Number of protein chains: 2
Amino acid sequence: MTRLLVASRNAKKLEELRRILAGAGVEVIGLDDVPPFPEAPETGATFEENALAKARDAVAATGLPAVADDSGIAVDALNGMPGVLSARWAGSAKSDPANLKLVLEQVADVPDERLTAAFVCAAALVQPGGEEVVVRGEWPGTLVREPRGTNGFGYDPIFVPEGETRTSAELSSAEKDAISHRGRALHQLLPHLRALTA
Amino acid sequence: MTRLLVASRNAKKLEELRRILAGAGVEVIGLDDVPPFPEAPETGATFEENALAKARDAVAATGLPAVADDSGIAVDALNGMPGVLSARWAGSAKSDPANLKLVLEQVADVPDERLTAAFVCAAALVQPGGEEVVVRGEWPGTLVREPRGTNGFGYDPIFVPEGETRTSAELSSAEKDAISHRGRALHQLLPHLRALTA
């Protein structure tokens with residue numbers, strides 16, 4: 001079984017990635033399963049830049065093929081932000097509840113019909129030989145003003161995917177994996193991951 | 001002397017507008033100088049929409065020609081935000097220091113060379129007869145990570161205009177009026193204001 005390093009320490013994210021990659025004959029390990037190495041801060045202007053930089057660093061440090069992703073929510077009324085700053089939107093008060101609360105306050109006066117948003121995920125696969133693939137998944141929807149649901153993390157409790165009435169925090173993990181931005185991005189990577197095991 | 005209602009209660013902003021319009025033969029009065037009327041919240045997606053809506057409301061309520069402006073800072077690394085949300089960027093903690101602090105925290109990991117920004121001002125003149133003019137002034141520059149200076153308001157202490165080494169909070173009022181976004185917008189309105197007195 002091919003070992004694949006997923007460049008993350010986020011337990012919920014790793015679990016989500018393991019579920020999605022379970023059928024691909026790939027053993028997923030996380031950053032806590034390898035010796036520590038210096039990680040550059042995520043300073044890219046795009047999700048793609050950040051995902052690629054993280055995957056390259058992981059390959060350089062471990063010699064293993066590595067997948068990294070960078071995800072966030074793009075709120076149209078905020079010109080696509082929080083975007084790459086989704087995890088640190090509230091600054092020093094950064095935490096999922098603080099980030100979510102700040103976004104809701106910022107759009108408090110924005111009319112409902114302009115509360116469109118999308119979860120975005122860029123995923124990069126980098127191989128020790130130098131082959132690189134970057135893909136992007138988007139999950140469009142709208143924001144609600146009152147958080148609902150306890151699944152997921154981040155902005156899930158205020159995001160209602162297109163065609164749904166539930167927030168993404170009210171979807172089951174399986175439902176979310178099948179249609180989420182991360183699911184969409186990782187499914188685009190699957191053929192490349194299968195090639196890895198061949 | 002023609003009376004012109006400037007749709008603002010911000011003492012510093014009124015003073016700035018009075019200085020700029022002083023030579024135009026126009027007596028500037030503010031919202032505190034007229035009977036109160038219901039003011040719609042600023043929910044436009046653009047500075048222009050907000051400025052026009054404010055000026056229209058003021059004319060409808062008072063019968064006076066009215067100027068309104070909407071201004072803010074557009075930070076490139078934040079996709080042009082805080083933008084129309086500049087005054088409420090920190091949400092419930094809204095205040096000039098809280099807004100400025102939040103922006104600095106959000107761009108903390110953004111490299112210096114991407115810390116470009118611009119102050120933007122849309123100014124609208126609406127006349128009782130229905131004539132409407134909307135203009136836009138922009139003042140490009142860069143952000144600094146440590147606030148400096150005590151003049152001005154809002155984001156002035158972290159904005160260094162192009163060609164300057166001082167922040168806009170370190171410029172004198174006269175220097176600022178001559179080159180600021182608001183100055184640039186209002187100077188575009190001057191011919192229309194002079195026509196008003198004719």
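Tell me, which residues of region A:97-131 get at least 20 Å² less accessible area when the other protein chains come in, versus the chain alone (1.4 Å probe)?
A:LEU102, A:GLU105, A:GLN106, A:ASP109, A:ARG114
At 1.4 Å probe size, with the rest of the protein present, what percent of the exposed accessible area of the protein assembly as shown is carbon and sulfur atoms? Walk me through the numbers before you get to the answer.
On the way: 9010 of 16890 Å².
The nonpolar share, carbon plus sulfur, comes to 53 percent.
Test of understanding: in a Gaussian network model of chain B with alpha carbons linked when under 10 Å, which of B:SER71, B:SER95, B:SER86 would top the mean-square fluctuation ranking?
B:SER95
How big is the C-alpha Rg of region B:65-138 next to the rule-of-thumb value 2.2 N^0.38 Å, as a ratio?
1.36
Just the number please: accessible area per residue for chain A, 1.4 Å probe, all protein chains included, in Å². Could the numbers behind the result be given before it?
Details: 8450 Å² over 198 residues.
Per-residue value: 43 Å².
Would you please name the GluC sites (Glu not before Pro) within region B:92-168 that are DSSP coil residues with at most 15 other C-beta atoms within 10 Å of their C-beta?
Of the GluC sites (Glu not before Pro), the ones in loops of region B:92-168 whose Cβ has at most 15 other Cβ atoms within 10 Å are B:GLU131, B:GLU162, B:GLU164.
Taking Cα centroids, how far is region A:72-113 from region B:102-127 in Å?
One Cα centre to the other: 17 Å.
Which helices pass in chain A if a helix is a full DSSP H run, must span at least 18 angstrom along its long axis by Cα, and must have mean Kyte-Doolittle hydropathy not below -0.5? Present the calculation step by step, with values, prior to reporting the outcome.
Numbers: long enough: A:47-62 (23 Å, -0.09); A:181-197 (24 Å, -0.39).
Result, helices passing both filters: A:47-62, A:181-197.
Less than 13 Å apart at the alpha-carbon level, and either on another chain or at least 8 residues along: which aspartates and glutamates does that give for B:LYS54?
Counting by Cα, and skipping residues close in sequence, B:LYS54 has these aspartates and glutamates nearby: B:GLU39, B:GLU42, B:ASP69, B:ASP70, B:GLU132.
So if I average 1/r over every pair of distinct C-alpha atoms in the protein assembly as shown and take the inverse, what Kirkwood radius in Å does that give? Don't skip to the end; give the middle numbers.
Values: mean 1/r = 0.0429 Å⁻¹.
About 23.3 Å, per the Kirkwood formula over Cα pairs.
What is the antiparallel percent of DSSP beta bridges lying wholly in region B:2-196, to the nearest 5?
80 percent
Restricting to Cα pairs below 8 Å that are 6+ residues apart, what does the relative contact order work out to for chain B? Please round to a whole percent.
Dividing the mean separation by the residue count of chain B yields 20 percent.
So how much accessible area does A:THR150 have, in Å² to the nearest 10, using a 1.4 Å probe?
Ignoring ligands and nucleic acids, A:THR150 comes out at about 130 Å².
Using only protein heavy atoms and a 1.4 angstrom probe, determine the accessible area buried between B and A, summed over both sides, in Å² to the nearest 100.
Buried area between the two chains comes out at roughly 1800 Å².
Helix-only mean residue ellipticity at 222 nm, chain A, DSSP H runs n ≥ 4 weighted -39,500 (n - 2.57), per residue, nearest 500. What is it? Show your work: numbers first, answer last.
Details: 5 runs with 62 residues, N = 198.
So the calculated ellipticity at 222 nm is -10000 deg cm²/dmol.
Under a cut-off of 19 Å between alpha-carbon atoms, report the lysines in cross-link reach of A:LYS101, not counting same-chain residues fewer than 8 places apart.
Counting by Cα, and skipping residues close in sequence, A:LYS101 has these lysines nearby: B:LYS94, B:LYS101.
Working only with C-alpha atoms, what are the Rg and Dmax values of chain B, expressed in angstrom?
Cα-based Rg and Dmax for chain B come out at 16.8, 54 Å.
Which of the lysines could a cross-linker bridge to B:LYS176, judged by Cα under 19 Å and excluding same-chain residues fewer than eight apart?
B:LYS12, B:LYS13
Suppose we compare each residue of region A:28-43 in its chain alone and in the full protein complex with a 1.4 Å probe; which ones drop by at least 50 Å² of accessible area?
Listed in order, they are A:THR43.
The values are calculated or read from the model by the stated rules, or taken from the named source; none is laboratory data. Here the structure is a predicted model, which means the values were calculated and not measured. Ideal geometry is used to build each Cβ from the backbone, glycine not excepted, and the neighbour counts take in all protein chains shown. These accessible areas exclude ligands, DNA and RNA; they are computed on the full protein's heavy atoms, side chains included. Shrake-Rupley method; radii C 1.70, N 1.55, O 1.52, S 1.80 Å.
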